[in-house]
Structures are given as C-alpha cells and as structure tokens.
Amino acid sequence: MSNFSVMQRLGLKVEWGQKYFTETYNSKRSRIWLTEAELLDFLKYLESQPDQVAGL
C-alpha cells in the first residue's frame with residue numbers, strides 16, 4: 001500500500017505530513033526528499049496507526 005493511500009485511510013492531510021516530515025526527518029517537507037529507508041520508516045509508522053486517527 002502506498003504512503004498516500006495509507007494517509008487517506010487515516011484521514012490525514014498533506015499539512016500533517018509536511019509537519020511530521022519537518023519534525024522527524026531533519027526539516028524535509030516532502031516525501032520526495034526522503035531516502036528509501038526514511039520512506040519505509042514512514043510507511044511502517046502509518047500502517048501502525050488506527051483508521052481515522054483523531055487530532056492528526
């Protein structure tokens with residue numbers, strides 16, 4: 001499953017992703033700038049979250 005489809009399942013907005021990347025991956029604001037390892041880490045994080053995460 002792609003990062004984007006997982007984000008949709010969780011009800012997350014692009015702005016949430018940008019904030020998460022900035023805080024977690026050394027100020028990278030977009031998935032395009034993540035390394036393969038960082039993308040896999042992000043996908044693993046998303047897949048571990050319950051559907052429609054409130055407050056994110």
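Could you work out how much longer the chain between Thr35 and Arg9 gets when fully extended? Use 0.36 nm per residue separation minus the Cα distance between them, nm to one decimal.
Net length gain for the segment: 7.0 nm.
Multiply the residue gap between Asn26 and Glu47 by 0.36 nm, knock off their C-alpha separation, and tell me the result in nm, one decimal place.
Contour length minus Cα-Cα distance gives 5.4 nm.
Among Ser30, Ser5, Ser48, flag the residue with its Cα farthest along the positive direction of the charge dipole of the chain, charges on Cβ as +1 for Lys/Arg and -1 for Asp/Glu.
With unit charges placed on the Cβ atoms, the residue in question is Ser30.
Report in % the part of the accessible area of the chain that belongs to carbon and sulfur, leaving out ligands and nucleic acids; probe 1.4 Å. Before the final figure, lay out the partial values.
On the way: 2180 of 3960 Å².
Heavy-atom surface of the chain belonging to carbon and sulfur, 1.4 Å probe: 55 percent.
Tally Lys/Arg at +1 and Asp/Glu at -1 over every other residue whose Cβ is under 14 Å from the Cβ of Trp16; what's the total?
Overall, the nearby charge balance is +3.
The values are calculated or read from the model by the stated rules, or taken from the named source; none is laboratory data. Note that this is a predicted model, so its numbers are computed, not measured. Here the Cβ is made from the backbone with ideal geometry for all residues, glycine too, and neighbour counts use every protein chain on show. For the accessible areas, the whole protein counts, side chains as well, though only heavy atoms, and no ligand, DNA or RNA atoms are used. Shrake-Rupley method; radii C 1.70, N 1.55, O 1.52, S 1.80 Å.
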